[in-house]
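Student: Next up is a structure, given as structure tokens.
Where a number appears in this text, it was derived from the coordinates with a stated rule and is not lab data. What you see is a predicted model, and the numbers here were worked out from it, not measured in a lab. Using ideal geometry, Cβ is built from the backbone for each residue, glycine included, and neighbour counts are taken over all protein chains shown.
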Amino acid sequence: MFEIEAERPEHGPAIEALLDLSFGPGRYAKAAQRLREGNTAVPELCYVAFAGEGAERRMVGALSFWPVVIGGVPGLMLGPLAVEPQLRGKGCGIRLMEKGLADAKKLGYRLVILVGDAPYYARVGFGPVPPGRLTMPGPVDPARLLYRELDIGAFGRAKGPITKP
């Protein structure tokens, strides 16, 4: 139902429109955005999803990963993940994440963090960061700060601030 492709420069305007639709202008005020400002997403880990065929084909999802240092450990921040509102719950976001996490592991990344809804992201292996273990560059609901090891034991040394590389 969804075709996932590598993000290309010409996708930029459609991705921005999808992010605006999904998150609104408040997306620029979020703590995770502080880690994106002045940073560059990992090009090999930026994806778009399409649905439909022919003239009906349209972008319905987008995902990017950003390099960060997670409490002293190099890693990635997942997000933003955006899916067209009428297609949420149909598997597009999960498929984008499964591809991205598998590709990140192949590229040698060991640890990923995100800020999001724990029950949803648990479906691809994310769990809550223990309280007080990591800090974001701005206020974040601690229950929404999640991590996933791509290599067993990668989270063991992570403690302190999450920063840009």
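Student: Sort out for me the Cα centre separation of region 109-151 from region 32-77, rounded to whole Å.
Tutor: One Cα centre to the other: 16 Å.
Student: Using the per-residue mean of other Cβ atoms lying within 10 Å as a proxy for protection, in what order, highest first, do the peptides 71-81, 95-105 fall? Could you put the intermediate results ahead of the total?
Tutor: Numbers: 71-81: 21.8, 95-105: 18.8.
Going by the mean number of other Cβ atoms within 10 Å, highest first, we get 71-81, 95-105.
Student: In whole Å, what are the extents of region 101-165 along the principal axes defined by its C-alpha atoms, from largest to smallest?
Tutor: 32, 27, 19
Student: State, in angstrom, two size descriptors of region 33-124 derived from its alpha carbons: Rg to one decimal place and Dmax to the nearest whole number.
Tutor: 13.9, 48
Student: Related question: Averaged across orientations, what area in nm² does the convex hull of the alpha carbons in region 1-50 project? Walk me through the numbers on the way to the answer.
Tutor: Details: hull surface 16.5 nm².
So the mean shadow area of the Cα hull is 4.1 nm².
Student: Going through the cross-link list Lys30/Lys105; Lys90/Lys164; Lys99/Lys159; Lys105/Lys159, which pairs have a Cα-Cα distance over 25 Å in this structure? Each step should come with its number before you reach the end.
Tutor: Numbers: Lys30/Lys105 27 Å; Lys90/Lys164 33 Å; Lys99/Lys159 27 Å; Lys105/Lys159 21 Å.
Check vs 25 Å cut-off fails for Lys30/Lys105; Lys90/Lys164; Lys99/Lys159.
Student: Based on a Kirkwood Rh over C-alpha pairs, give the Stokes-Einstein translational diffusion coefficient of region 7-165 at 20 °C and viscosity 1.002 mPa s in µm²/s.
Tutor: Working: Rh = 16.0 Å.
In µm²/s, the coefficient is 134.
Student: Calculated from DSSP H runs of 4 or more alone, at -39500 (n - 2.57) each and per residue, what is the 222 nm mean residue ellipticity of the chain, nearest 500?
Tutor: On the way: 4 runs with 37 residues, N = 165.
Rounded to the nearest 500, it is -6500 deg cm²/dmol.
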